[in-house]
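J.: Pasting in a structure now, in C-alpha cells, and then I'll have a few things to ask.
The values are calculated or read from the model by the stated rules, or taken from the named source; none is laboratory data. In this text, all values refer to a predicted model and were calculated from it rather than measured experimentally. All Cβ positions, glycine included, derive from the backbone under ideal geometry; neighbour counts span all protein chains shown.
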Amino acid sequence: MPPHPASTDIARAQQRRGFWLRTLHQWHWVSAALCLVGMLLFAITGITLNHAARIEASPAVDNRQATLPAELLAALPTDIEGRATLPPPLSDWLRDEMGVRVGPREAESSADEVYVSMPGPGADAWLAIQREDGAVEFERTDRGWIAYFNDLHKGRNSGAAWSWFIDLFAIACIVFTVTGLFLLQMHARQRRMTWPYVGLGLVIPLLLALLFIH
C-alpha cells in the first residue's frame, strides 16, 4: 500500500527542518568558536572604555638621547617641509644603538629637525633628530595594559593587520547572530518567551536612546 500523501509531506517537511537545523547549528558553533576570544576581549574593553575616566593610570615615560654620526647626519632627508622614510642605514643605527624601530613610518622634515611620530596602541612615541648637531631624542609614553586593549578595541594606531582582523571578526559575529536568530525562529514554538526576550533586546536600548540620550 503506497504511503498517504499527507504523511509523505510531513516526512519531507521534517527532513527539510532537520537539514536546516544541522546546517544552522554547524555555522552557529563554528562562528561562535571563531568569535569567542574576540567577543570576550571586546566585551571587557567595552566596560573599561565606558569607565575610562574612573580607571587610574600611571603612564611610564622612557626617554633616550644620543648623537648621530656625521655620515648618517649627512644622509638625512634633504626635502624641507616634506615627508619621506628614513634611509635604511639610519634606521639600522637607531635600532642597534637606541633600540628604536622606526620601520616604514614617514618622517616630517623641517629646516631644523627631522621628526617621526610613532604612536601605537596604549602608547605614544616620537623621535626627533636635530639637523645642526645630530642630537637624537626618543620618548615613549606607555599608558599601561588597559589603555593598550582599549586602543585595540577602537582600532587606534593598531595597523592594517588588526584592521583586517576587526573586519573578519565582525563578519563572524554577523554569521553568529543571524544563525542564532534563525535557530530561535525554528525553536520558538517550544519556547514561548523567545520573541518577548528578543523584543526586550530591541526595546530596552531603543527606549534608553530616546529617553536619556540628548
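J.: Run residue 194 past the list (1) among the hydroxyl-bearing types (Ser, Thr, Tyr); (2) modelled with pLDDT under 95; (3) closer than 30 Å to residue 81 by Cβ and report the number of the one that doesn't hold.
T.: Here residue 194 meets the rest and fails (3).
J.: Residues of segment 12-29 being free of Cβ contacts under 8 Å to residues at least 60 places away in the same chain and not charged (D, E, K, R), which ones?
T.: 13, 14, 15, 18, 19, 23, 26, 29
J.: Can residue 103 be described as small (Gly, Ala, Ser) and assigned to a helix (DSSP H, G or I)?
T.: no
J.: Counting only residues that are surrounded by 12 or more Cβ atoms within 10 Å (Cβ to Cβ) and over 14 Å from residue 32 (Cα atoms), how many does segment 167-206 have?
T.: So the answer is 8.
J.: Then there is this: For residue 78, which of the numbered conditions (1) in a loop (DSSP other than H, G, I, E, B); (2) not assigned by TED's automatic domain parsing to the domain that holds residue 98 fails to hold?
T.: (2)
J.: Also, quick follow-up: Kindly check whether there is at least one residue in segment 130-137 that is modelled with pLDDT under 90 and either among the aliphatic types (A, V, I, L, M) or surrounded by 14 or more Cβ atoms within 10 Å (Cβ to Cβ) (or both).
T.: no
J.: Of the numbered conditions (1) farther than 30 Å from residue 167 by Cα; (2) not hydrophobic (A, V, I, L, M, F, W, C); (3) not in a strand (DSSP E or B), residue 31 fails exactly one; give the number of that condition.
T.: Checking residue 31 against (1) farther than 30 Å from residue 167 by Cα; (2) not hydrophobic (A, V, I, L, M, F, W, C); (3) not in a strand (DSSP E or B), the one that fails is (1).
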